[in-house]
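Let me begin by presenting the structure, written as structure tokens, before commenting on it.
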Amino acid sequence: TSQVGSYNQIDEGTTMKATSIFGGFGDGIYFTAPVLGDDNIIGKNVNLKPNTEVTHNVIIGIGVTIKQDVAIGENVSIGDYTKINSGVVVESDATIGSFVLIKIDATILSGASVPDSAVVGKGETVTP
């Protein structure tokens, strides 16, 4: 099951599985944008844009923004107040710290870690 905190914005185009459980149901959660897998934990004030795929066992911290056309692999952790721009790919088992900015078309490879307050440039690849 997935747990979703209150005051999240999940924009048009999202599908939510029937097995998901949402904290704060009715508190600003919109059901029509990215695809969410099972066993995810999504913090408060998260903004997920269309055509975003969040697979399984993903933890998304408070105040995170994930723009359109982003793919998040399994077992990924994203810290609080991080912004992930369009076209980014985050492969499985990656860790992204808090207050991180990931620019357009960047790739975070499987097992890589991005430290707190880092900036990943446009089109860059982060390796483990």
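The values are calculated or read from the model by the stated rules, or taken from the named source; none is laboratory data. Since the structure is predicted, the reported quantities are computational estimates derived from the model, not experimental observations. Here the Cβ is made from the backbone with ideal geometry for all residues, glycine too, and neighbour counts use every protein chain on show. The protein model used for the area step is the full one, side chains on, heavy atoms only, and it has no ligands, DNA or RNA in it. Shrake-Rupley method; radii C 1.70, N 1.55, O 1.52, S 1.80 Å.
Using amide H atoms built in the peptide plane, which far-off residues or other-chain residues are under 5 Å from Ile108 H to H?
Sorted by chain and number, the residues that satisfy this are Val89, Val90, Glu91, Val126.
Taking a probe of 1.4 angstrom, what is the accessible area of Glu124 in Å², to the nearest 10?
Roughly 90 Å² of Glu124 is accessible to a 1.4 Å probe.
Could you tell me the center-to-center distance, by alpha carbons, between region 42-69 and region 99-119 in angstrom?
14 Å
Filter the trypsin sites (Lys or Arg not before Pro) in region 42-125 to those in DSSP coil with at most 12 other Cβ atoms within 10 Å of their Cβ, and list the result.
Lys122
So what's the net charge close to Gly87: Lys and Arg +1, Asp and Glu -1, counting the other residues with Cβ under 10 Å from its Cβ?
Working: positive: Lys67, Lys103, Lys122; negative: Asp69, Asp105.
Once all neighbours under 10 Å are counted, the net charge is +1.
How large, in percent, is the carbon and sulfur part of the accessible surface of region 79-128 at a probe radius of 1.4 Å?
Looking at region 79-128 in its full context, I get 51 percent from C and S.
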